[in-house]
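The block underneath contains the structure these notes are about, expressed in structure tokens.
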Amino acid sequence: MSNKRRGHDDQRQHAGGGSSGEKRPRRNKHLYLVLDDWANGYSIHKIQADSFDSDSDSDDQHSGAARHLPEPPALRLECPVGTVPHSGMSFSALGTNIFTFMNQRCSLIYDTKTAAMTIGAHAPADMVCGFGITVVVGEMLYALSYHFHEKQHSFGVMSWGSTAADALQHPTEGWSWKTLPPPPPTFHRCVNSYALHPDGCTIFMSTANFMTAPSKGCMGTYSFNTKDSV
């Protein structure tokens, strides 16, 4: 081996890129669990993903001892109106952010990376939080809900981009909503299941009304292409 080559190898090993037997420290992964586990609202619990690994199970766990969520939770949120049974809040994850949507109120954004809470865009007026689905496609969040009293759907997409200028007329960026065309008339009010196609841009949604005969057309599967908005 030449002195030049040996010098490069020595530098690599000194910098931590030496023998293959060395292992880099593994970054801890966490699972965030949202539960309605207290009288006035919801809790967001932060759980280490490694705690679910069978290799890390202790003797007490093998003996059937109960495992408890870490206390206190990472965050507690109180329902704005009424108690937990009043469905007026919904949650969705996008990137490192957990979004909390509330009827007729601004959304809350909890960044799991920085543990910071910020105020987000106001949910659309016709969006019914707690009665619908949210699907993340790329860096956008699609929300579909049904207004039982008005008997109409609300379909919109939230994305990051330019927003209105501030008080000093400086350009700003933030989360904002865009209204999309509602589903076709044959689309039933309740979505029973949904999935994102491997193409990364097509959302499949299945509807069914078990209180109505299938012959009345309340069952079906629909698709929405987020790229072409059709």
If the requirement is being in a loop (DSSP other than H, G, I, E, B) and among the small types (Gly, Ala, Ser), which of these qualifies: Gly174, Gly120, Gly130?
Gly130
Consider Leu108 carefully, then state whether it is in a strand (DSSP E or B), aliphatic (A, V, I, L, M) and closer than 24 Å to Leu31 by Cβ.
yes
Candidate set: the stretch 130-184, residues that are modelled with pLDDT of 85 or more and of a type in the set (Val, Ile, Thr); chosen: the one surrounded by the fewest Cβ atoms within 10 Å (Cβ to Cβ)
Thr179
Which numbered condition Ala65 fails, given (1) modelled with pLDDT of 90 or more; (2) more than 17 Å from Val34 (Cα to Cα); (3) not in a strand (DSSP E or B)
(1)
For Gly88, the lone unmet condition from (1) at pLDDT 85 or above; (2) of a type outside the set (A, V, I, L, M, F, W, C); (3) buried (at least 17 other Cβ atoms within 10 Å of the Cβ) is (1)
Report the residue count in the stretch 94-127 for those that are of a type in the set (A, V, I, L, M) and more than 16 Å from Gly156 (Cα to Cα).
7
Against the definition (farther than 26 Å from Ala74 by Cβ, of a type in the set (A, V, I, L, M), in a loop (DSSP other than H, G, I, E, B) and in contact with a strand residue (DSSP E or B) (Cβ under 9 Å, 6 or more places away or on another chain)), how does Ala195 come out, yes or no?
no
Unmet requirement for Ser162, which otherwise passes all of (1) under 22 Å from Thr96 (Cα atoms); (2) in contact with a Gly (Cβ under 7 Å, 6 or more places away or on another chain); (3) without any contact (Cβ under 8 Å) to a residue 40 or more places away in the chain; (4) small (Gly, Ala, Ser)
(2)
Close pairs (8 angstrom Cβ cut-off, 6 or more residues apart or separate chains): closer than 14 Å to Gln152 by Cα and touching a residue at least 40 places away in the same chain (Cβ under 8 Å) in the stretch 183-200, part of a loop (DSSP other than H, G, I, E, B) and not polar (S, T, N, Q) anywhere:
Arg189/Phe148; Arg189/Lys151; Cys190/Ala208
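The values are calculated or read from the model by the stated rules, or taken from the named source; none is laboratory data. Nothing here was measured: the structure is a model prediction, and the numbers come from that model. Reconstructed Cβ throughout: ideal geometry from the backbone, glycine too, with neighbour counts over all protein chains shown.
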